[in-house]
Every structure is written in C-alpha cells, then in structure tokens.
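Working notes, beginning with the structure itself.
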Amino acid sequence: MVSPQATLIDPFGRSINYLRLSVTDRCNLRCTYCMAEEMTFLPKQQILSLEELRDAATAFVELGVRKIRLTGGEPLIRRDILKLVSSLAALPGLDELTMTTNGVLLPTMAQPLKEAGIARLNISIDSLKADRFKQLTRVGELDQVLQGVRAAKAAGFAKIKLNAVILAGFNDDEVLDLTRFAVDNGLDISFIEEMPLGEISSHRRHDTQITSGHIREQLAAEYQLLDSTETTGGPSRYVQVANSDSKIGFISPISNNFCDSCNRVRMTAEGRLLLCLGNEHSLDLREILRTWPGDSERLKRHIIQAIGDKPERHYFDPEQVDIVRFMNMTGG
Ligand code: SAM
Ligand code: SF4
C-alpha cells in the first residue's frame, strides 16, 4: 500500500505539487503557433471520461498535488466540464483549481464556472485588433473574447490573468496596448515566448522569436516595473506595475530556462502523463485506469514510479521541431 504520507519528489529534489490536466485536444480556434491548419483530433473513445479524469486527479491530490489547472485544447468545449469542475473542486486537500481558456465561451460560462469552483482564470488573447486576432486564430472573433473578459470580471474570480504569445512581426507592436488593457481592467498579464511544439506551416518559428527581455524593455519605456517575488506556482516571473493592481509575468522557456524550480507535470486528454513539456517521454495512465478501474493504489504506485523519470530540464531549439506534439495536445 502506498503510504498516506507519500508525496511526489523527483530525482532532482523538486517537489511536484501542480498538475495541468488537459480535458480535450479539440478547440474552437486554430491559433497559428499552436496548431496546423488541418488537424486530426483524437477519436472520442481515446479521450478519458469524466470519471477517469476525476480518478486520475484524485490520485495526484492524494500524492500531494495542491493545484490543478484545467486546460486543453479548449477546456470549455468539453461536454459536462462544469460537472468535472465541481467534482475536482470538492477534492479534499486540493488548494486551488484554475483554468486556461481562450475566452470564447466565457460570456455564458464565466458565472457557472466560478460557482462550480474555479478560483482563478487565465484568458489567452494575443491581439486587440479584430482583423489580426482573426489572422492569428484563423477563425476567432475578438469581440467574443472581450465579452468573455467582461463576463469573467463580473463573475468575480479572485484573479484573472491574460496570456499573450508574442510573435515578432505579427503582434510585437501590441505589447504596450495589451498591457494597458490589462492595467485598465485590473488584470494581470503574462507574455509567453513561443515554443517549438509541433510542425506548423504559417511561419518559421525561428523568424518570430522574441525574448522576454526584449518585451520587458518595451514595457519599461512606459511603465515603472517593480521586481516582485510573488509566484502563482507556475513558470511566470512577475513584475508589479507601479501604482496599479496589475502584475506582468514573463514565461521564458527559450531565453530563461526555469526548469530548476519546476513543480509540475501534465496529463494529456488521452491520459498520457508528461513529465516535461519539452520531452516526449510519457506514461500511459489510461491503460492503468481502464485495465484496473478503481484501483487507486496501483495508479498511485505508477505515478510515483514515473516521477522518478522526470528529466532535469528541456532543451528547445526554435530552428527545429524536436517535439512533434502540438500544444493543444499538451495543454498550456
Ligand atoms: N485553448 C486554451 C487557451 O488558448 O488558453 C488553453 C490551451 S492553450 C494550448 C494554453 C496556452 O498555450 C495558451 O495561452 C496559448 O497561447 C499557449 N500556446 C499554445 N501554443 C504555444 C506555443 N507553441 N508556444 C507557446 N505558447 C503556446
Ligand atoms: Fe486553441 Fe488555445 Fe491552441 Fe489557440 S492556443 S488553438 S485557443 S488550444
């Protein structure tokens, strides 16, 4: 029997207390840096059921995971997502349940999500110009996401953070506008360096790379940025915008490797436990969940064993695609 005190410590002494749980690989947008134009999605039977997702999450929480972020694909298009949220929010020992969404469905779902138990929300938005937003997402309507942000504010989440992937030549001229939008609305914002996950055709990732350092320089021209030690348990390094409630985060997987403080693992919608975003190695938890349904002890033993294989760090080279999996498979 797995000791009730067992926690997840990897071979490099890092304590794993954060799970990113992808609930679907499907999405209602097609962001150019995230997906190819033509995508093949997983057949439904390969996707974990709500019960399987809950059983896996329960095992992680019993092993010391304190924070779960639901992601995808687009988590809000998963049927019965609110049921899953309610069941996870009730897990004893889980401190925080959060979600990353593209915001399209928030106008109707923000309030029910809050009531079901989502504490904090990340909303991805890469441009405030409608035509450019459509170009970056291939099909998206900016207005829906802006309405989604308003609905999330009205629902009263403890914190809302915007996420923006900045691509040189596409939206790097909007760093200040996006920040102003966040500050004016009392929101935080994180700027994310594009990662070379999956083979895309819209641009060469090498040409669109822009570092967090460069973005910070742009911001410093307009805002006084105060270094902050605050962390939300994720990879963002934060600065506080002086005289405002907003923080700006930088997620720098390319320019500033943050692996030494990594506290997280990911589970894909088909139940693959990924120990590192930048490595393909994974453990098939679906096989265990389906062969021995309800055997949480066995599941926990396998998870503990898998953590022993967590790599020390990722190596990303924007010149080449080392990781064939797209970000919608991985979950942000
Ligand atoms: N669909 C939801 C959304 O867009 O917020 C959740 C899933 S999405 C994969 C999670 C985050 O990953 C988003 O903020 C998205 O911008 C980011 N992302 C997707 N592909 C990326 C890439 N290649 N490099 C860096 N970030 C990426
Ligand atoms: Fe969908 Fe999110 Fe990927 Fe955009 S980044 S295609 S919204 S999963």
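The values are calculated or read from the model by the stated rules, or taken from the named source; none is laboratory data. Since we're looking at a predicted model, the values are computed, not measured. Here Cβ is always computed from backbone atoms with ideal geometry, including for glycine, and neighbour counts include all displayed protein chains. Only protein heavy atoms, including side chains, enter the accessible area calculation; ligands, DNA and RNA are left aside. Shrake-Rupley method; radii C 1.70, N 1.55, O 1.52, S 1.80 Å.
Observations, loosely collected:
- Residue within the stretch 79-99 that is over 23 Å from T232 (Cα atoms), within 12 Å of ligand 2 (Cβ to nearest atom), open to solvent by 10 Å² or more (accessible area, probe 1.4 Å) and hydrophobic (A, V, I, L, M, F, W, C) present: no
- Selection count, the stretch 87-146, where residues are assigned to a helix (DSSP H, G or I) and under 22 Å from E37 (Cβ atoms): 11
- Any chance G117 is open to solvent by 10 Å² or more (accessible area, probe 1.4 Å), touching an Asp or Glu at 6+ places or on another chain (Cβ under 8 Å), free of Cβ contacts under 8 Å to residues at least 60 places away in the same chain and within 21 Å of V61 (Cα to Cα): no
- Checking every residue in the stretch 267-278 against the condition of being touching a helix residue (DSSP H, G or I) at 6+ places or on another chain (Cβ under 7 Å), over 25 Å from E194 (Cβ atoms), open to solvent by less than 50 Å² (accessible area, probe 1.4 Å) and at pLDDT below 95 gives zero matches.
- Residue within the stretch 226-246 that is over 20 Å from M99 (Cβ atoms), under 16 Å from the mean Cα position of the chain (by Cα) and not in a loop (DSSP other than H, G, I, E, B) present: yes
- Candidates I200, I166, filtered to the one that is free of Cβ contacts under 8 Å to residues at least 60 places away in the same chain and either within 13 Å of ligand 1 (Cβ to nearest atom) or touching a His at 6+ places or on another chain (Cβ under 8 Å) (or both): I166
- Hits in the stretch 172-216 (condition: assigned to a helix (DSSP H, G or I) and open to solvent by 50 Å² or more (accessible area, probe 1.4 Å)): D173, D177, R180, D184, H206, D207, H214, R216
- Scanning the stretch 149-171 for residues that are of a type in the set (A, V, I, L, M, F, W, C), open to solvent by 20 Å² or more (accessible area, probe 1.4 Å) and more than 21 Å from K247 (Cβ to Cβ) gives A151, A154, A168, F170.
- Test set (1) out of contact with any helix residue (DSSP H, G or I) (no Cβ under 6 Å at 6 or more places or on another chain); (2) modelled with pLDDT of 95 or more; (3) open to solvent by 40 Å² or more (accessible area, probe 1.4 Å) - T40 fails condition number: (2)
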